[in-house]
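Down below is the structure, laid out as structure tokens.
None of the figures in this text is laboratory data; all of them are computed from the coordinates on show. Because the structure is predicted, anything quoted here is derived from the model rather than measured. So basically every Cβ, Gly included, is an ideal-geometry build from the backbone, and we count neighbours across all protein chains shown.
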Amino acid sequence: MHSETDRFMAETADTFLAPFHENLRATLSSETRIHGRAEEWDAALATVQSGTRKSQFDTDTVSIGDPNADFEEVLTMFLPWRKGPFQVGKTLVDTEWRSDWKWQRINRHIEPLKGKQVLDIGCGNGYHLFRMLGAGAELALGIDPTILFNYQFSLLQRLS
């Protein structure tokens, strides 16, 4: 997951977040826990090529990746999927929660998002981050303490 931190730092180097990078790195290195499946998840992420930018974030089912590609095997490596729904390639990810229903309830209370910078605390796998980007947010940043959700988000980012 260190490469994800490096990518975040590079992508936010010219933003208001840059002054916080040093403290963030120190906190992450001292607080990061090792998960028993981290090596397995790292290996699974390493098999995934960057996405083709055929993603759609402004619909109830967030669509990510080439619609003809089969990602089912790698998606099952990261079970269970809590928030969704996601269509990843030709696989509809069976999620435990219908986050689109929550989005339909909260969306009108947080509009307009166009050009906004948003922090989602407890973002899970990032479903609402993608929806905020689809609604025009300039930056949608999420934090979550659950290691599995961070891996799921990393996978979705790579494919989108």
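Tabulated values for the structure
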read-out: Extension gain (nm, one decimal) between Gln49 and Leu17, 0.36 nm per residue minus Cα-Cα; value: 8.7 nm
read-out: Sparse-neighbour loop sites [trypsin sites (Lys or Arg not before Pro); the stretch 90-160; at most 14 other C-beta within 10 Å; DSSP]; value: Lys90, Arg98, Lys114
read-out: Size of electric dipole in the stretch 33-159: Cβ of Lys, Arg +1 and of Asp, Glu -1, about Cα centre, debye, nearest 20; value: 480
read-out: Proxy reagent accessibility, fewest Cβ within 10 Å first, across Val118, Val88; value: Val118, Val88
read-out: Within the stretch 65-135: Cβ-based charge dipole about Cα centre, in debye rounded to nearest 20 (Lys, Arg +1; Asp, Glu -1); value: 540
read-out: Label assignment, percent of Cα pairs over 28 Å apart derived from the structure, set (i) 20; (ii) 29; (iii) 35; value: (i)
read-out: Stretch gain in nm, segment Arg7-Lys102, where the contour uses 0.36 nm per residue and the Cα spacing is subtracted; value: 31.2 nm
read-out: Amide H contacts of Ala69 (H built 1.01 Å from N, under 5 Å, at least 5 apart or other chain); value: Lys90
read-out: Amide H contacts of Gly142 (H built 1.01 Å from N, under 5 Å, at least 5 apart or other chain); value: Asp120
read-out: Positive-end residue of Ala69, Gly89, Gln56, charge dipole of the chain with Cβ unit charges; value: Gln56
read-out: Proxy reagent accessibility, fewest Cβ within 10 Å first, across Asp70, Asp120; value: Asp70, Asp120
read-out: Expected 222 nm ellipticity per residue - DSSP helices of 4 or more, -39500 (n - 2.57), all of the chain, to 500; value: -12500 deg cm²/dmol
read-out: The stretch 1-104: chymotrypsin sites (Phe, Trp or Tyr not before Pro) falling in loop per DSSP and having at most 12 other Cβ within 10 Å; value: Phe16
